[in-house]
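Here the structure comes first, spelled out in structure tokens, and everything after it is commentary.
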Amino acid sequence: MDILILTGMSGAGKSLAANYLEDMGFFCIDNLPPSILPDLVSSYVKKNNNLPLHPVDTARMAFVIDVRSLELFEDIFPALERLNQMGISYRIIFLDATDQALISRYKQSRRNHPLAQGRSIVQAIELERQRLAAVKELASDVIETSALTAGELRDMLYAMLSETDRDERMTILIQSFGFKYGIPVDCDCVIDVRFIPNPYYVAELRPLSGKDQAVVDCIMSYPETVRFMDMQEQWLEFTIPLYIREGKVRFTIGVGCTGGRHRSVVLAEDLANRLRDNKLRVVIDHRDLEKDPRKSSRDDPC
């Protein structure tokens, strides 16, 4: 189980970082009163220990705790001590920035500092640094965000917290479909594979689907199929890192044939395997696979 405590200076980027953590699969709770942290974690651990399909070592939780809780913030030290006594490991990430950067951000956002009641922003920042000094000493990681862009902060968090060798900054959904049922509305790009010879016209393949090896062998036997898929792989290898650079976290690729049962299924699976080999996180869905059993010679070709 991953327990992450995100803290740091107000205006240093904690809200943005929490959004990125959610994209990484963390369950995030913002502005948590520190005193309830041990009981909340303990309850979550006990609940997940009773769920065999969700083992506790796969759970990822992140808590944003900072001076917005005002006087309650001092409870963080007893709370951390309780976690230590419970044998629960945690990681503290502290976001910091220079006074000048923080002042500039507050002026741009026109928001008030949580400690600024009756104080100037400069005085509030100084007081906040004093209150956070002891927590900063406990931090596993300190990220200085003064000169970081949003994308650079995202990349730094992914590099620090990624659990696998895959690039988890983006989820790629590959969806096979039939043009006769309409193009999926959320596609970022559509790959039309209707130029490939259709297994529908091979009598013994007609009732099968792209999940059957005989259909796979037929479709992949054509030289144009392999060359076309090589070209798609090269194009995606070039563009996906650029989409990630621009902050895109989900990319949907539609692979379509006429009925969504033969060609699109085979080539969606092939494309998914190629992208997984390139260390990308891929989810696959065959939207129209079960819509058309293809057991009648009167059916439309797919």
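Every number here is computed from the coordinates shown, using simple stated rules; none is lab data. All values reported here derive from a predicted model rather than from experimental measurement. Cβ atoms come from the backbone with ideal geometry, glycine included; neighbour counts cover every protein chain shown.
Compute from the Cα atoms of the stretch 168-286 the Rg and the Dmax, the latter being the longest Cα-Cα distance, and quote both in angstrom.
14.2, 48
Counting each DSSP H run of 4 or more residues in the chain as -39500 (n - 2.57), what helix-only mean residue ellipticity at 222 nm follows after dividing by all residues, to the nearest 500 deg cm²/dmol?
Value at 222 nm, helices only: -12500 deg cm²/dmol.
Using modelled backbone amide H atoms (1.01 Å from N, in-plane), which distant-in-sequence or interchain residues come within less than 5 Å of Arg250's amide H?
Here the answer is Thr171, since their amide H atoms fall under 5 Å of that of Arg250.
Fully extended, how many nm does the chain gain between Arg119 and Ala203 (0.36 nm per residue separation, minus their Cα-Cα distance)? Numbers along the way, then the final one.
Numbers: separation 84, 0.36 × 84 = 30.24 nm, distance 8.18 nm.
Extra length from Arg119 to Ala203 when fully extended: 22.1 nm.
Report the full-extension gain for the segment Asp141 to Glu81: residue separation times 0.36 nm, less the Cα-Cα distance, to one decimal in nm. Walk me through the numbers on the way to the answer.
Working: separation 60, 0.36 × 60 = 21.60 nm, distance 1.89 nm.
Length gained, Asp141 through Glu81: 19.7 nm.
What angle do you read, to the nearest 10 degrees and between 0 and 90, between the alpha-carbon axis of helix 121-138 and the longest principal axis of the chain?
70
Cα atoms only: what Rg and Dmax, in Å, come out for the stretch 60-194?
So, for the stretch 60-194, Rg and Dmax equal 21.8, 69 Å respectively.
Provide the FRET efficiency to the nearest 0.05 for the Leu242-Arg281 pair, computing r from the beta carbons and using R0 = 25 Å.
On the way: r = 17 Å, r/R0 = 0.68.
Result of the calculation: an efficiency of 0.90.
Between Met156 and Val185, what FRET efficiency comes out of the Förster formula 1/(1 + (r/R0)^6) with R0 = 41 Å and r the beta carbon distance, rounded to 0.05?
0.75
What ranking do Tyr20, Tyr243 get, fewest neighbouring Cβ atoms within 10 angstrom at the top?
Sorted ascending by nearby Cβ count, the order is Tyr243, Tyr20.
Hey, how many Å between the Cα centroid of the stretch 134-157 and the Cα centroid of the stretch 238-254?
24
Counting only pairs 8 or more places apart or on different chains, how many lysine pairs in the chain have C-alpha atoms closer than 21 Å?
9
Mind sorting Phe177, Phe73 by how few other Cβ atoms lie within 10 Å of their own Cβ, fewest first?
With the sparsest Cβ surroundings first, the list reads Phe73, Phe177.
For the pair Asp192 and Ser35, how long in nm is the line joining their label points, each one 7 Å along Cα→Cβ?
6.5
Quick one: length gained pulling Asn273 to Lys107 fully straight, 0.36 nm per residue minus the C-alpha distance?
That works out to 54.9 nm of additional length.
Ser89 to Thr171: FRET efficiency via 1/(1 + (r/R0)^6), r the Cβ-Cβ distance, R0 30 Å, to the nearest 0.05?
0.65
Evaluate the distance, in nm, between pseudo-label points positioned 7 Å from the Cα of Lys211 and of Lys46 along their respective Cα→Cβ axes.
4.2
Where Rh denotes the Kirkwood radius from the mean inverse Cα pair distance, what is Rg over Rh for the chain? Walk me through the intermediate numbers first.
Details: Rg = 25.8 Å, Rh = 22.8 Å.
So for the chain, dividing Rg by the Kirkwood Rh gives 1.13.
Which order results if Cys257, Cys218, Cys187 are arranged by neighbouring Cβ count within 10 Å, fewest first?
Taking fewest neighbouring Cβ atoms as first place, the list is Cys187, Cys218, Cys257.
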